[in-house]
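The values are calculated or read from the model by the stated rules, or taken from the named source; none is laboratory data. Quantities reported herein were computed from a predicted structural model and do not represent experimental measurements. A quick note on method: Cβ atoms are made from the backbone with ideal geometry, for glycine too, and the neighbour counts reach across all protein chains shown.
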Amino acid sequence: MADEHAGERPAPVSVASPRQPDALGQPGGSWYGWWRGDPLPALPFLDGLAVERVDDADTIAAIARLSADEAASRLTTGNRAYVARIHGAAVAHGWSATRAVEIGEISLSFTLSPGDHYLWAFATASDWRGRGVYPRLLQAILRAEMDEAARFWIGHEPGNAASGRGILKAGFTHTGDLFLLPGGSLALAPADPPERAREGADVLGAALRM
């Protein structure tokens, strides 16, 4: 889940009544948060792992299979690229948005408030999937950026259980599940703790379905 930039600040969160027939719509994925001060679970040592931030457009374009123009556009609009390497070989990558977000899968765009970062567009090489690279890459980004951002958000598409497991292993809390309502609006069905769901819905400009 997640694409990139630009858009308006979402409207304040509202609460959708569960009695309304359209309160539960088409599944739109799951939403997670990590807040400064949350624990970072200890993960077993992974030999040869190193995570680096990449600021060169040509380098990240080659790794992420993007055009050079697209990579440059991302880097100049508040997106940071990170790469996980095993003994020097790139095995995973992802992005941290610091200004604005566009989630193409649910046709949503919004501007991030100061102190909020959004992690998106992660990919792991097929030979390294299921070996713990993803949660370690997420934790490395949290450690690199936690002094400037108080809250980090991330999501995944419906049915992507592997992504959800990696996100939870990194220390994120499941905030809730997203649903696309008739007319194109968005609702978040909260998970515990409820205060996190309210904050998560507010970031998205979504109705909170209690």
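Note on segment 59-76: residues that are under 21 Å from V133 (Cα atoms) and part of a loop (DSSP other than H, G, I, E, B) total 1. Of the set (1) closer than 23 Å to P158 by Cβ; (2) of a type outside the set (G, A, S); (3) in a loop (DSSP other than H, G, I, E, B); (4) at pLDDT 95 or above, all apply to D38 but (1).
Could you go through segment 77-91 and let me know if any residue there is surrounded by 15 or more Cβ atoms within 10 Å (Cβ to Cβ), assigned to a loop (DSSP other than H, G, I, E, B) and of a type outside the set (G, A, S). Checked segment 77-91: no residue is surrounded by 15 or more Cβ atoms within 10 Å (Cβ to Cβ), assigned to a loop (DSSP other than H, G, I, E, B) and of a type outside the set (G, A, S). Residue count for segment 166-210 satisfying the condition of being surrounded by fewer than 18 Cβ atoms within 10 Å (Cβ to Cβ), more than 13 Å from the chain's Cα centre (by Cα) and within 25 Å of A42 (Cα to Cα): 4. Scanning segment 130-165 for residues that are touching a helix residue (DSSP H, G or I) at 6+ places or on another chain (Cβ under 7 Å) and surrounded by fewer than 18 Cβ atoms within 10 Å (Cβ to Cβ) yields a count of 1. Just one of (1) without any contact (Cβ under 8 Å) to a residue 60 or more places away in the chain; (2) more than 17 Å from G166 (Cβ to Cβ); (3) among the hydroxyl-bearing types (S, T, Y); (4) crowded, with 16+ Cβ neighbours inside 10 Å fails for S67. It is (4).
Restricted to segment 95-187, the set of strands (runs of 3 or more DSSP E) holding at least 2 residues that are modelled with pLDDT of 95 or more and either in contact with a Ser or Thr (Cβ under 9 Å, 6 or more places away or on another chain) or under 15 Å from D38 (Cβ atoms) (or both) comprises 116-124, 151-156, 173-180. Tell me whether segment 161-180 contains one or more residues that are among the aromatic types (F, W, Y) and closer than 24 Å to Y82 by Cα. Looking through segment 161-180, at least one residue is among the aromatic types (F, W, Y) and closer than 24 Å to Y82 by Cα.
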